[in-house]
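K.L.:
Before I ask anything, here is the structure I am working with.
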Amino acid sequence: MSSAALVAISPRSDLLAWRKDEAILIHLAIPGSVVSMRVLESDSIESVKLRIQSYKGFVVKNQKLVC
């Protein structure tokens, strides 16, 4: 059985935890819910996908990132 997740990426300038010019809030559209995750602008696509995999268990090859 394979799982898939759709990720919507939107820059956020109001995140106080990190520098405003580096913070990006992504939304993981998972069947039944939406989960938010903060990433840095400097993070690579591969590192973001690996974080999603370790956070929610979705295999990298089954992920699709969209803007």
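K.L.:
Scan region 2-21 and give yes if some residue there is surrounded by fewer than 14 Cβ atoms within 10 Å (Cβ to Cβ), modelled with pLDDT of 75 or more and of a type in the set (Asp, Glu), otherwise no.
P.N.:
No; the residues of region 2-21 include none that is surrounded by fewer than 14 Cβ atoms within 10 Å (Cβ to Cβ), modelled with pLDDT of 75 or more and of a type in the set (Asp, Glu).
K.L.:
Further, regarding this structure: Pairs needed: first member in region 41-64, over 22 Å from Glu22 (Cβ atoms); second member anywhere, of a type in the set (S, T, N, Q) and exposed (fewer than 12 other Cβ atoms within 10 Å of the Cβ); C-beta distance under 6 Å; at least 6 residues apart or different chains.
P.N.:
Asn62/Ser2
The values are calculated or read from the model by the stated rules, or taken from the named source; none is laboratory data. Please read these numbers as outputs of a predicted model, since none were measured by experiment. FYI the Cβ positions are ideal-geometry reconstructions off the backbone, even for glycines, and counts take in every protein chain you see.
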